[in-house]
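Here's the structure, in structure tokens; my notes come after.
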Amino acid sequence: MTDIRRYIEEVYTKVQARDPQQPEFLQAVREFFNTIEPVLVKYPELIKQNILERIVEPERIIQFSVPWVNDQGEVEVNRAFRVQFNSAIGPYKGGLRFHPTVNQSIIKFLGFEQTFKNSLTGLPIGGGKGGSDFDPKGKSDGEIMRFCQSLMNELQKYIGSSMDIPAGDIGVGAREIGYLYGQYKRLNGSENGAITGKHLLYGGSLGRKEATGYGLVYFTKAMLEDAGKSIKGQKVIVSGSGNVAIYTMEKIKECEGIVIACSDSTGYIIDESGIDVELIKDLKEVKRERISEYVNIRPEASYYPGNVWNHRITYHIALPCATQNEINKDSAATIIANGVFAVAEGANMPTDLEGTIMFRKAGILFGPAKAANAGGVAVSALEMSQNSQRRCWTSYEVDNELKKTMENIYGQIRNVAREYGVEGDFVAGANMAAFTKVAFAMEFQGVV
Ligand code: NDP
């Protein structure tokens, strides 16, 4: 073992000893540490500054209670977090997630990943993430509003357009952002650069809603074209049917790919004639129904309970857009056996470590989340620019910037992988490119 590898493993052992009960966070750190050794070999001064140990420790973690009153007049209480992970490149930036599984491990893994994703965009934003174990499913609009207001009563002390700028994530869409911003404004006055993902009527950006999904497809297109392939005519499976999944499907259709399946947390639908994206939008965005409703309207489609990645069917491109660890080694084996040649991650860490290694060994083109799904945060940063300029850009301007950003990210990670002798390993390319920037930004600012 080289001295540098020993240093990496020693830091990992410390992280494990500090937070042994945080499996998702440890998984994200492990995956990252597996790939960044060549950067430390090239720049040993980063070891002298102990950048690795500093980079895995969040700058600040805030945990607070969120008491709220349900429609029956009963008082409930949830737990919320904001992890301000790293501000070397700019103010903390990252979404809020409302889901019953939310805990400190999940928010820390998301904040860690966000730091590097934001670095890849080339924009001046640091990494943060937050959320609550509140479950928005089945709650009335009034309950959602009261919960969001209570959460913001506390969160507003720690955020602001130059400090920390939250946005949406799982369970936090336009409705929740509206209630959160409304309360923020009541307490602090109009400062619409303090939250992104806002409605167009009060400072939102055209193209933000679509950005993560469209960005994922722009990234996938760049990766495929570089390998002499195209989306046109290919069969695609997208998991999830939320914000990222819907706009991924819409853009795939525009590129003449055929999306044959999508899912939610209970099951999935297969429609070999091509998923009707407008119908999914109506069911999920407007009516907030389960995905199984689709087959009542399109009887030629089929519904199956379980995980879409375990289904045996021939297709070519897999775009996981639901949640972490939805693809494990068994589902990865099924995906490979189904004939898939490209996987790009819309969700954060949807493929576990074993799955990622299997894809690489099988020669599958693999776009890791921190690169492939950076379009959402990139357009959030554009929303911040428009807010400070007091301007609204056209959708053409925003989409053009998004496309350029995703193509740049792809080019960047491909070139860095090549430079360090691991051509085609976009996981390593993304980690090394992102790490180098954050690490030097930290070094240049001293030990603070
Ligand atoms: P949404 O809440 O809009 O949609 C989430 C989708 O994933 C739903 O279909 C949901 O099903 C499904 N899902 C959630 N949890 C699980 C689970 N445990 N098992 C199976 N399916 C599940 O969230 P987004 O589309 O915004 O986010 C999806 C992913 O993309 C997340 O990993 C998020 O971190 C990531 N992401 C999002 C960005 C954004 O801009 N929104 C930016 C970058 C990354 P159900 O309705 O049944 O819960």
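Taken together, the values in this text are just the output of simple stated rules run on the coordinates, not laboratory data. Note that the structure is predicted; figures quoted are calculated from it, not measured. Note: ideal-geometry Cβ built from the backbone for every residue, glycine included; neighbour counts use all protein chains shown.
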(request) May I ask you to list the GluC sites (Glu not before Pro) in region 21-89 that are in a DSSP loop and have at most 13 other Cβ atoms within 10 Å of their Cβ? (result) E74
(request) Sum -39500 (n - 2.57) across every DSSP H segment of at least 4 residues in the chain, then divide by the residue count to get the 222 nm mean residue ellipticity, nearest 500. (result) -14500 deg cm²/dmol
(message) Could you tell me the center-to-center distance, by alpha carbons, between region 359-413 and region 169-190 in angstrom?
(response) 23
(message) Please report Rg (one decimal) and Dmax (integer) in Å for the Cα set of region 357-448.
(response) 16.2, 49
(request) Give me the distance between the Cα centres of region 257-277 and region 80-133, rounded to whole Å. (result) 30
(request) Using only C-alpha positions, report the orientation-averaged shadow area of the convex hull of region 60-191, nm², one decimal. (result) 7.5
(request) Send over the per residue convex hull volume for region 182-267, Cα only, as a whole number of Å³. (result) 116
(request) With a point put 7 Å past each Cα toward its Cβ, work out how far S385 is from R290 in nm, to one decimal. (result) 4.4
(message) Rg and Dmax in Å for region 31-96, alpha carbons only: what are they?
(response) 19.2, 62
(request) Return the Rg/Rh value of the chain, two decimal places, where both radii are evaluated on C-alpha atoms and Rh is the Kirkwood radius. (result) 0.95
(message) Given Cβ point charges of +1 (Lys, Arg) and -1 (Asp, Glu) and nothing else, what value in debye, to the nearest 20, does the dipole of region 211-367 about its Cα centre take?
(response) 260
(message) Take the residue pairs K235/K404; K42/K229; K221/K437; K139/K281; K108/K329 and return only those whose Cα atoms are more than 28 Å apart.
(response) K42/K229
(message) Please compute, for the alpha-carbon atoms of region 61-132, the extent along each of the three principal axes and give them in descending order in Å.
(response) 48, 19, 17
(request) Please figure out what share of the DSSP beta bridges in region 60-191 is antiparallel and state it in percent, rounded to the nearest 5. (result) 65
(request) Would you work out the charge dipole size for the chain about its Cα centre, treating the Cβ of every Lys and Arg as +1 and the Cβ of every Asp and Glu as -1, and quote it to the nearest 20 debye? (result) 640
(message) At R0 = 56 Å, how high is the FRET efficiency between L279 and Q16 if r is their beta carbon distance? Nearest 0.05 is fine.
(response) 0.75
(request) Would you work out which of L155, V172, G73 lies farthest towards the positive end of the dipole of region 60-191, given +1 charges on the beta-carbon of Lys and Arg and -1 on that of Asp and Glu, about the Cα centre? (result) L155
(request) Quote the Stokes-Einstein diffusion coefficient, in whole µm² s⁻¹, for region 228-359, based on the Kirkwood radius over alpha carbon pairs, a temperature of 37 °C and a viscosity of 0.692 mPa s. (result) 227
(request) Can you figure out the FRET efficiency of K329 with F440, using R₀ = 45 Å and their beta-carbon distance, to the nearest 0.05? (result) 0.80
(message) For K14, give me every one of the aspartates and glutamates with a C-alpha distance below 13 angstrom, ignoring sequence neighbours fewer than eight places off in its own chain.
(response) E53, E57
